[in-house]
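Here is the structure we will look at.
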Amino acid sequence: MHASKPSGLRASAALLYVGLGAGFTALPAHAGPTLSEVLDNSGIFAAGYVAAGYTGGLNKGQALSDRVFDSNANTFELNQAGLILAHTPAEGFGGKVVLVGGSDAKVLNAFYGSGSSDLALFIAYAQYAYGPLIAIVGRFPALSGAELALEPLNSNISRSLMLGLAQPVPLTGVRVNYQLTDSFTATVSLTNSDSFGSAAAVDDNKQKSVEAGGAWTPSKAFKLAVYNYYSKESDADGGKNDIVDLVASWQATPALQLELNGDYKRVFEATAAGPASSTYGAAGYLNYQFAPKWSSSLRLEALRLKNQDSGAATNLEEATITGRYSATRNLRLLAEFRYDYASSPNYADGTDPDTGAPVLNKHDTEFGLTAIYSFGL
C-alpha cells in the first residue's frame, strides 16, 4: 500500500505504544534516558500514526466502486492506526514489524486470507544485509505503484484505481535486493502464487510468483522503477497473471514534483490462446508545496478493462484534487474532492422508486476530510 519505497515508513517504520497504569510515581527528569533515547541507542526505529476521517458521496449510493480502501460513502471511520518497529542495520541481521488497526485492516487481512479482524499484521519480515545485498523473508508490500497501503505515505486521501485493479499489494515469501551501481538496484522475489490477482491472497497451489525489476536513480531529482509480476494460478484452469508496472518521478523544483505510474495487467486461462482479460492505464501526479504548511496534489487517471472472450471493454477515469495543511509537526489535515467517470454505468446512485432496483450512474462525485497524527515519520 520501488526498490525501496521512499524513506519514513517506506524504508521502515513503527509506532510503539506504552501504557502506564494509574498510581505510578513520576521520576525526575534526570533519572534516566527517555524511551526514544533508549530505542535510538539500540538502533531501533520507532514511529506511528492515527488516521481518521469522513467520506461524503454526492451520489445516492452508500458504496463507492473500484476502491481498495474508503469504500463507504457518508461515513466517519478510523481508517488506520499504525504501529511500526524496525531494526534494519546496514550489515547483519534485522527485521521490521508493522501492525495496522482500523477499518482498513479488514482489507489488508483479506489480501492475506487472514479473516476480517480490525487488526492486521501487514508487514513482518526478517532481514539480512551484507554489502550491496539485502535479503528479507516474511510479509512485505509489493514494490509496484506510486501509492502505498499505509495512509500517511500518500499525497491524496483516496487511493488510485490502479492500486486495486492493476497492481499487487502484499506479498509473502523472500525478496533479494542487490545494489549493482550507485544508481541502480535490482530486485528479485519469490512469493506465494495467489499473492495477487485475487481478492483473498491465499496460496492454494505449488507454483509461486516471481517479482523482478529494478530502480534507477541517476540523481536526487529523478527516479525510474520498473517491475514485472508473473504468477501461475490453480484457478481458471491453471491460468496465470502477468503485470508490468512503471513509476517515474521528477522533482522539477524544490516545490514541484511530477510523477507518472503506468500498469499493464493480463490474466490468462489455460484453455485460451491469448489473455482472457487485460487492464492497462496510467495515473499522473502533480504535487506542489505552496508554503511550509500548505501543499496540494492533483491526480489524473485513466484505465481500460477489457474482456477478451466477450470483447466487452470499460473505460474508467478519475480526477482528484487534495489540499493539505500541516497544523503542527505531527498533525496534518487533508481535504479532497474526487470525480469518477465510467464508459458504462458503474456507480450506485440510489434505487428506482417504482421497481426498487438499484440505479447505476456513469459518474460518481465525493469529498473526503482526514486528520493524520503521526510521530517518527
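Using heavy atoms of the protein chains and a probe of 1.4 Å, the accessible area assigned to ARG304 is about 80 Å². Straightening the chain between LEU286 and LEU298 buys 3.8 nm, computed as 0.36 nm per residue apart minus the Cα-Cα spacing. Summarising the amide proton neighbourhood of PHE222: residues at separation of 5 or more, or on other chains, whose placed amide H is nearer than 5 Å comprise GLN251. If R0 is 41 Å, the Cβ-Cβ spacing of ASP182 and LYS60 corresponds to a FRET efficiency of close to 0.15.
Over segment 77-183, the reciprocal of the mean inverse Cα-Cα separation, the Kirkwood hydrodynamic radius, stands at 15.0 Å. Run the paramagnetic zone check for ALA327: 7 angstrom along Cα to Cβ, then residues of segment 333-377 with backbone nitrogen under 15 Å. Under 15 Å, as judged by backbone N against the label point of ALA327, lie 333-335, 369-375 of segment 333-377. Accessible area per residue for segment 291-351, computed on protein heavy atoms with a 1.4 Å probe, is 52 Å². Rolling a 1.4 Å probe across all protein chains gives ILE321 an accessible area of roughly 80 Å². In the complete set of protein chains, residue-level accessible area for TRP250 is approximately 130 Å², probe 1.4 angstrom. Residues whose amide H comes within less than 5 Å of that of ALA120, counting only those at least five positions distant or on another chain, are VAL100, GLY101 (H built at 1.01 Å from N in the peptide plane).
Computed over protein heavy atoms with a 1.4 Å probe, the carbon and sulfur contribution to the accessible area of segment 107-220 reaches 62%. Can you work out the base-10 log of I(q)/I(0) for segment 255-347 at q = 0.12 1/Å, using the Debye formula on its C-alpha atoms alone? The Debye formula, applied to the Cα set alone, gives -0.55. If you sort GLU259, GLU211 by accessible surface, 1.4 Å probe, largest first, the order is GLU259, GLU211. Per-residue accessible area (protein heavy atoms, 1.4 Å probe) orders VAL169, VAL97 as VAL97, VAL169, starting from the largest.
Of the trypsin sites (Lys or Arg not before Pro) found in segment 320-377, those that fall in a DSSP loop while having at most 14 other beta-carbon atoms within 10 Å are ARG329, LYS362.
If the segment from GLN251 to ALA126 were pulled out straight at 0.36 nm per residue, it would be longer than the present Cα-Cα gap by 41.7 nm.
The Cβ shell under 13 Å around LEU258 holds other residues with a net charge of +1, Lys and Arg each +1, Asp and Glu each -1.
Here's how it looks for SER65: its modeled amide H is under 5 Å from those of ALA348, which are all 5 or more places away or on a different chain. Between ALA221 and ASP352, the simple spin-label model (points 7 angstrom out along Cα→Cβ) gives 5.8 nm. All distinct Cα pairs of segment 324-377 go into the 1/r average, and the inverse of that average, the Kirkwood radius, is 14.0 Å.
The values are calculated or read from the model by the stated rules, or taken from the named source; none is laboratory data. Just so it is clear, the model here is predicted, and its values are computed rather than measured. Neighbour counts are summed over all protein chains in view; Cβ atoms, including those assigned to glycine, are modelled from backbone coordinates with ideal geometry. To get the accessible areas, we keep the full protein, side chains included, count just its heavy atoms, and leave off ligands, DNA and RNA. Shrake-Rupley method; radii C 1.70, N 1.55, O 1.52, S 1.80 Å.
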